[in-house]
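The values are calculated or read from the model by the stated rules, or taken from the named source; none is laboratory data. These figures come from a predicted structure and were not determined experimentally. Please note: Cβ atoms are built from the backbone with ideal geometry, for glycine as well, and neighbour counts cover all protein chains shown.
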Amino acid sequence: MDKMKFLKDHLDIKPEVQEALDQGKPVVALESTIISHGMPYPQNLETAKRVEEIVRENGAIPATTGIINGKIKVGLSAEELEFMATSKDIIKCSTRDYPMIVAEGYNGATTVATSIVTARLAGIPLLVTGGIGGVHRGAQETFDISRDLQELAGTDIVVVCAGCKSILDIGLTLEYLETFGVPVLGYKTKDMPAFFTEKSGFQVDYAMEDPEEVARMVHTKWNLGLDGGVLLTNPIPSEEAMDEKIINKAIEEALEEAKEKNIHGKETTPFLLSKVVEVTGGNSLKANIALVENNARVGAQVAVAMAKNK
């Protein structure tokens with residue numbers, strides 16, 4: 001089958017998003033796993049709507065991604081957002097799942113990896129998420145490394161996140177990204193954030209002081225023929241950050257329970273995050289919402305700077 005015809009039949013880009021892309025206006029891709037698997041209802045729907053509002057307030061067009069009845073969606077309607085937030089019939093979709101979900105007409109929530117794939121198909125050069133996946137603890141034995149890293153390394157895209165979740169091995173994640181030539185930037189910081197906390201004890205490659213500096217660096221990279229993505233880490237706002245000792249204790253308890261229940265693969269992160277919410281009395285959910293909103297703000301500003309710097 002002709003590839004262009006196939007994509008025309010299966011790729012559904014919201015008219016507002018397509019118009020912005022055609023005119024060279026800034027567009028921000030957003031993932032949907034955070035809606036379907038990352039937060040409980042109704043906070044998931046409220047956050048999804050608020051994140052889209054923040055992107056608009058900062059001069060860009062939001063394009064939440066997902067798969068509904070086998071259609072790859074780039075930009076969701078209000079009804080589709082609610083469906084993603086409430087349906088129990090949504091598969092957490094990483095790269096290996098993507099073709100099956102599309103081929104069989106299933107419903108899928110895009111992870112960072114498949115949001116990158118979707119953004120690439122649509123021609124969107126920036127994605128906002130909460131935290132990126134990475135190298136899991138004990139990966140030297142389990143080989144458990146998120147597909148997010150390979151999709152990022154192989155795609156010309158900027159991924160804006162609050163760093164790695166501290167359930168991961170952050171040091172090995174940074175080593176992996178360095179091996180594949182992915183610059184790791186810090187937004188107004190040289191410290192690698194750890195999702196719920198501002199610092200992880202590791203350093204990023206370079207600190208960026210404003211969206212324009214990020215845009216210059218990104219376009220220089222790509223114009224030099226250095227293909228592949230850029231990771232822009234944006235720390236959680238200090239007033240919303242969690243106590244490092246409390247969050248680390250919660251994570252250790254969650255990791256131990258996951259091991260006892262033999263939970264692994266793509267089910268690991270949703271389980272661990274839900275347990276952390278439980279152990280912290282819901283405070284980690286508030287922090288999660290705050291950091292996603294902050295990433296949307298910075299991501300939209302960077303998308304605007306990139307559109308001006310073409």
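Quick look at the numbers
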read-out: Scan of the range 240-290 for residues that are in a helix (DSSP H, G or I), on the phi < 0 side of the Ramachandran plot and among the small types (Gly, Ala, Ser), ordered by number; value: ALA250, ALA254, ALA258, SER274, SER284, ALA287, ALA290
read-out: Members of the range 210-248 found to be surrounded by 14 or more Cβ atoms within 10 Å (Cβ to Cβ) and modelled with pLDDT under 90, listed by number; value: MET242, GLU244, ILE246, ILE247, ASN248
read-out: Residue in the range 280-302 that is surrounded by fewer than 19 Cβ atoms within 10 Å (Cβ to Cβ), out of contact with any Gly (no Cβ under 9 Å at 6 or more places or on another chain) and modelled with pLDDT under 80 present; value: yes
read-out: Residue that is touching a Pro at 6+ places or on another chain (Cβ under 9 Å) and more than 18 Å from ILE13 (Cβ to Cβ), where the choices are ALA113, ALA85, ALA103, ALA119; value: ALA85
read-out: Output for the range 148-187, where each listed residue is modelled with pLDDT under 95, among the charged types (D, E, K, R) and under 15 Å from the mean Cα position of the chain (by Cα); value: LYS165
read-out: Checklist (1) closer than 21 Å to LEU285 by Cα; (2) of a type outside the set (Asp, Glu); (3) touching a Leu at 6+ places or on another chain (Cβ under 7 Å) applied to CYS164, failing item; value: (3)
read-out: Count of the range 1-32 residues which are surrounded by fewer than 18 Cβ atoms within 10 Å (Cβ to Cβ), in a strand (DSSP E or B) and either among the small types (Gly, Ala, Ser) or touching a Cys at 6+ places or on another chain (Cβ under 8 Å) (or both); value: 0
read-out: Tally of residues being over 16 Å from GLY38 (Cα atoms) and aliphatic (A, V, I, L, M) across the range 246-278; value: 6
read-out: Residue in the range 73-86 that is crowded, with 19+ Cβ neighbours inside 10 Å, touching a His at 6+ places or on another chain (Cβ under 7 Å) and closer than 21 Å to LYS49 by Cα present; value: no
read-out: Single residue of GLU19, GLU53 found to be under 27 Å from VAL276 (Cβ atoms) and free of Cβ contacts under 8 Å to residues at least 12 places away in the same chain; value: GLU53
read-out: Filtered residues of the range 115-137 (kept if of a type in the set (Val, Ile, Thr), closer than 24 Å to MET192 by Cα and not in a strand (DSSP E or B)); value: ILE116, THR129
read-out: Some residue of the range 179-197 being of a type in the set (S, T, N, Q), surrounded by 17 or more Cβ atoms within 10 Å (Cβ to Cβ), within 16 Å of ASN295 (Cα to Cα) and touching a Cys at 6+ places or on another chain (Cβ under 8 Å); value: no
read-out: Any hit, the range 204-211, residues being touching a Gly at 6+ places or on another chain (Cβ under 6 Å) and not hydroxyl-bearing (Ser, Thr, Tyr); value: yes
read-out: Filter pass, LYS49 being in a loop (DSSP other than H, G, I, E, B) and farther than 19 Å from PRO99 by Cα; value: no
read-out: Qualifying residues in the range 254-279 (those that are over 20 Å from the mean Cα position of the chain (by Cα) and of a type in the set (Lys, Arg)) - the one modelled with the highest pLDDT; value: LYS261
read-out: Members of the range 158-177 found to be over 11 Å from GLY133 (Cα atoms), free of Cβ contacts under 8 Å to residues at least 60 places away in the same chain and either touching a strand residue (DSSP E or B) at 6+ places or on another chain (Cβ under 7 Å) or buried (at least 24 other Cβ atoms within 10 Å of the Cβ) (or both), listed by number; value: LEU172, LEU174, TYR176, LEU177
